[in-house]
Amino acid sequence: MKNKKSTTQDIEDVLQEIGNKIEDLIQKGAEVGADVKEEIEQKIKDLKDNKTSLEEELRKGKEMLEREFQEKKEELEPRIQESKGFMKEGFKQIFLGIKALFGKK
């Protein structure tokens, strides 16, 4: 079965690919003439800056999602525990009902 990637993993993969392409451009830039080389170096610098910005935004997004998850988890935890208690009591009552039903014979 094919493993599903999370959205953040997809973004991280894209950022890694961008980094690899930047490295390729650096290698190609070393092979060209001086005028073109300066232009390529400026574009590479701009790409690196953009990649850094994207990585920072991804980090901030992850932190925000984690914080929201924790808040929701803390909000729902008491309700989950309460529901768990109700389920246990329900099963207990069902068991007592079955026991009473079969115990009368």
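Each value in this text was obtained by applying a stated rule to the coordinates, not by laboratory testing. Remember, it's a predicted structure, so these values are computed and weren't measured experimentally. Glycine gets a Cβ as well: all are built from the backbone with ideal geometry, and neighbour counts include every protein chain shown.
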Applied in sequence order to the range 77-89, the curve 6.51 cos²θ - 1.76 cosθ + 1.60 (Karplus, θ = phi - 60°) yields integer Hz couplings, x standing for Gly and Pro, of 3, x, 5, 5, 5, 5, 4, 4, x, 5, 5, 4, 5
Cα-based Debye curve of the chain sampled at q = 0.12, 0.17, 0.22 Å⁻¹ gives log₁₀ I(q)/I(0) of -0.70, -0.92, -1.10
Cα pairs beyond 14 Å in the range 50-105, in percent, come to 73
Checked against the positive end of the charge dipole of the chain (+1 on Cβ of Lys and Arg, -1 on Cβ of Asp and Glu, about the Cα centre), the farthest of LEU54, ILE98, ILE18 is ILE98
Rounded to one decimal in nm, the spacing of the 7 Å Cα→Cβ label points at LYS21 and ARG59 is 2.3
